[in-house]
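Worksheet: the structure to be examined is printed underneath.
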Amino acid sequence: MSSDLSISQVLTDLEAQVRQLESQEAFHAQQEVFHQEQRALRAGELETIRERYEAFKAAAAAAGELVRRVKVEGADESLPPGTISKMVARIIEGKVNGEKLTPTAMAKEVNQVFAKRLRRPVSRRTVSVALGRLAGLGRIHVVRGGKAFHEAIYAKGRKP
């Protein structure tokens with residue numbers, strides 16, 4: 001440090017630093033208050049959105065279940081389809097065009113809808129064969145072919 005500085009210069013420099021730090025402290029205090037207010041506002045909005053999301057999710061699930069029951073209504077009580085392919089085809093009739101279908105999901109649905117009519121649960125491999133046949137007939141189409149490490153994905157309707 002240079003010994004050329006006088007005491008008055010050192011005091012002046014220190015006063016300038018004090019003023020600068022005080023102004024920065026005041027600025028950050030204002031920012032802190034602003035951010036606390038914004039955080040409280042966003043937390044309230046988030047809570048409202050979460051409540052609406054949960055209510056909508058519950059309503060959508062209930063509506064989806066009701067629609068699914070109406071689409072397949074009577075499937076278990078009516079005469080059973082003779083083959084698993086016909087059971088799969090009946091469930092696919094209730095689906096929307098373009099809806100994605102996988103053998104695992106279809107096997108689960110066949111086992112739920114036709115549980116009383118089946119001697120044993122249908123495997124995803126059996127359903128995969130049925131879906132392949134329906135794809136060959138043009139009632140559904142292959143979105144992604146199956147491999148050893150992932151199953152095929154089909155969609156209802158003709159290929160766009």
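No lab work stands behind these numbers, since they all come straight from the coordinates. Please read these numbers as outputs of a predicted model, since none were measured by experiment. Cβ sites come from the backbone with ideal geometry, for glycine too, and all protein chains shown count toward neighbours.
Some notes on this structure:
- Chymotrypsin sites (Phe, Trp or Tyr not before Pro) restricted to DSSP loop in the range 93-160 with at most 15 other C-beta within 10 Å: PHE149
- Computed magnitude of the charge dipole of the chain (debye, nearest 20; Cβ of K, R +1, Cβ of D, E -1): 2780 debye
- Note: the range 93-160, Cα convex hull, 87 Å³ per residue.
- Cα-Cα separations in the range 1-71 greater than 16 Å, expressed as whole percent: 73 percent
- Between ARG158 and GLU54, the C-beta separation translates, for a Förster distance of 41 Å, into a calculated FRET efficiency of about 0.60.
- Helix 103-113 axis, angle to the chain major axis (alpha carbon atoms, nearest 10°): 60 degrees
- Rounded to the nearest 500, the 222 nm mean residue ellipticity of the chain from helices alone is -22000 deg cm²/dmol, with -39,500 (n - 2.57) taken per DSSP H run of at least 4 residues.
- Structural descriptor for the range 81-156: relative contact order 38 percent, calculated from alpha carbon pairs under 8 angstrom and at least 6 residues apart.
- Listed by chain and number, the lysines whose C-alpha is less than 19 Å from the C-alpha of LYS95, apart from same-chain residues fewer than 8 away, are LYS71, LYS86, LYS108, LYS156, LYS159.
- Between helix 84-93 and the chain: long-axis angle, C-alpha atoms, 0 to 90°, nearest 10: 50 degrees
- Ordered by the count of other Cβ atoms within 10 Å of each Cβ, fewest first, ARG133, ARG158 give ARG158, ARG133.
- Relative exposure of ILE140, ILE49, ILE153, judged by other C-beta atoms within 10 Å (fewest first): ILE49, ILE153, ILE140
- For mean projected area of the Cα convex hull in nm², the value calculated from this model appears in (i) 20.6; (ii) 19.1; (iii) 8.7 under label (i).
- Computed from the C-beta positions of VAL142 and GLN112, the FRET efficiency with R₀ = 25 Å rounds to 0.55.
- HIS35-ASP13 FRET efficiency (beta carbon distance; Förster radius 35 Å; 0.05 resolution): 0.60
- In the chain, Cα pairs under 8 Å separated by at least six residues give a relative contact order of 18 percent.
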